[in-house]
Structures are given as C-alpha cells and as structure tokens.
Amino acid sequence: MTEKTRVILVDDHTLFREGLAELLEHYGTVHVCGIAGDPDIAKRLIREHQPDVALIDLHLPPTDGVTLLTELREEGINTPVLILTVSDEEEDMASALRAGARGYLLKNMEPSEVVDAIQRAARGETVVASQMTAKLVTLLDAKKGKATSLINQLTQRERQILQYLAKGESNKAIAKELGISHDTVKLHVRNILSKLNLTSRVEAAVFAVEQKLTPPRHS
C-alpha cells in the first residue's frame, strides 16, 4: 500500500479548512494530520508532526502566510510549504516564492489539482496554479533581466572574484590565487555586495550559482 502524504492545513476559516481536509482525505493519497486557524498553533503542529507538506492560507490574521513561512524558516523548520489563497496578484505570488514557498495555489482549483500539487511538492517540485503560470514566467523573466543588469555593473575583476565566492573561497585564498593583496580582495567583495544589493558573501555565492557564473578553473 502506498504511503499517504502527510499534510498540515492552516486556514482561519473553520468551514473551509474542515471541508478541504475532508475532501483531501477522500482521495486516499493524502492524510491531514493536523488543522489550525492560528499561526502559533500551526507552528506547534508542524513541529510536532513534521508533515510532508504544510498548506497555508496567504491571509492568516493576525499575521499572514508569508510571515508564518518566514518564521518557520528562521526556526530551522524546512517543511515544504504551499500557499493557498484567493489572490491571483503577481506580487503576492512573488512574496511567497521569495520567502521559500514550494508553490502557490488558488482556492478555485479543483480538489484533484490540489492533491496533485501536494504530492509534487512532497517530491521536491515547485508548483503554481495553472492560472498563475504566465505570471510566473513574467516574474522569472523580470528577475533574470534584473540579475543581468546587476552583473553588467561589475568590473571584470569583480566578476572573477564573484566566481571564487561561488566556490566558497576565503579572501585569503582568493588573494593568493589572483596575486593581489587581502585588503584589495576585501574592497572588491564590498563593492560586489553593494552593486548586487546583497548583505553577505553567502548571498553573493548563492546569486552566482543561480546565475550559473562558472567558477574559474585552477591552472
């Protein structure tokens, strides 16, 4: 027998969350191991049950689903989160995905589509409602265009150092590799962070990997 995908359902409307829980259970492949309408209770349930997926409403008074997701990540809880909402606004989806949501679903989706999204999220896929696909493409194109614009601000030396940051190299190691001083590397790193609007070398490394900036090879 196939093991069911365990889900925590978080929504402030009692009738909706209980009705959805019943619908999901009906399909036989999902088990709702907890429901909550309060963010604090939701966090407790997620910590206790460690579900495969958490399905969280975007609007969750007194806070919201993105804030709850951010708090979970800050506490080191990496449960895949799907945001479930009535909002088809591109910026709401962008905020959710930036915060680390595994997907963005709409409440007018068919229950079978929600079940499929839950199972895909549990497998590590990112899922968005079909109505949001075009907006996601626009969002990704805008992100790519912005990243390209930022990279174009870097000097050739700064790009080179950014590639070393992607490898996790220390300033000392970079200085030795390039035959320049440690202080010069520090200055370049500060300039890189400023031009890319980043706050740490770790963020710079992630940025470089996302943009597929190939690390330099040792000769």
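The values are calculated or read from the model by the stated rules, or taken from the named source; none is laboratory data. Owing to the predicted nature of the structure, the values given are computational and were not obtained by experimental measurement. Glycine also receives a Cβ, built like all others from the backbone with ideal geometry; neighbour counts cover every protein chain displayed.
Taking region 92-135 as the range and being in contact with a Leu (Cβ under 9 Å, 6 or more places away or on another chain) and among the basic types (Lys, Arg) as the test, the residues that pass are ARG102, LYS107.
Residue pairs whose Cβ atoms lie under 9 Å apart, sitting 6 or more positions apart in sequence or on different chains, and linking a residue in region 115-130 that is under 11 Å from GLY103 (Cβ atoms) and assigned to a strand (DSSP E or B) to a partner that is among the aromatic types (Phe, Trp, Tyr) and modelled with pLDDT of 90 or more, are VAL127/TYR104; VAL128/TYR104. In region 183-192, the qualifying residues are those that are surrounded by 18 or more Cβ atoms within 10 Å (Cβ to Cβ) and hydrophobic (A, V, I, L, M, F, W, C), and the one that is nearest to ILE151 (Cα to Cα) is ILE192. Cβ separations smaller than 9 Å between residues 6+ apart or across chains give the following pairs from region 171-182 residues that are surrounded by 13 or more Cβ atoms within 10 Å (Cβ to Cβ) to residues that are aromatic (Phe, Trp, Tyr): ALA173/TYR164; ILE174/TYR164; GLU177/TYR164; LEU178/TYR164. Scanning region 161-205 for residues that are closer than 28 Å to ARG98 by Cα and of a type in the set (A, V, I, L, M) gives ILE161, LEU162, LEU165, ALA166, VAL189, ILE192, LEU193, LEU196, LEU198, VAL202, ALA204, ALA205. Take the residues in region 49-70 that are out of contact with any strand residue (DSSP E or B) (no Cβ under 8 Å at 6 or more places or on another chain) and more than 20 Å from THR126 (Cα to Cα); name whichever of them is surrounded by the fewest Cβ atoms within 10 Å (Cβ to Cβ). Selected residue: PRO62.
Where helices (runs of 4 or more DSSP H) fall wholly inside region 1-75, no range has 3 or more residues that are not assigned by TED's automatic domain parsing to the domain that holds GLU89. Within region 174-189, being within 31 Å of the chain's Cα centre (by Cα) and not hydrophobic (A, V, I, L, M, F, W, C) holds for LYS186, HIS188.
Does ASP40 fit the bill of being free of Cβ contacts under 8 Å to residues at least 12 places away in the same chain and within 24 Å of LEU97 (Cα to Cα)? Against the criterion (free of Cβ contacts under 8 Å to residues at least 12 places away in the same chain and within 24 Å of LEU97 (Cα to Cα)), ASP40 qualifies.
Are any of the residues in region 13-36 of a type outside the set (A, V, I, L, M, F, W, C), under 22 Å from the mean Cα position of the chain (by Cα) and either at pLDDT below 95 or crowded, with 19+ Cβ neighbours inside 10 Å (or both)? Checking region 13-36: not a single residue is of a type outside the set (A, V, I, L, M, F, W, C), under 22 Å from the mean Cα position of the chain (by Cα) and either at pLDDT below 95 or crowded, with 19+ Cβ neighbours inside 10 Å (or both). For region 3-10, the criterion of being among the polar types (S, T, N, Q) and within 15 Å of ALA117 (Cβ to Cβ) is satisfied by at least one residue.
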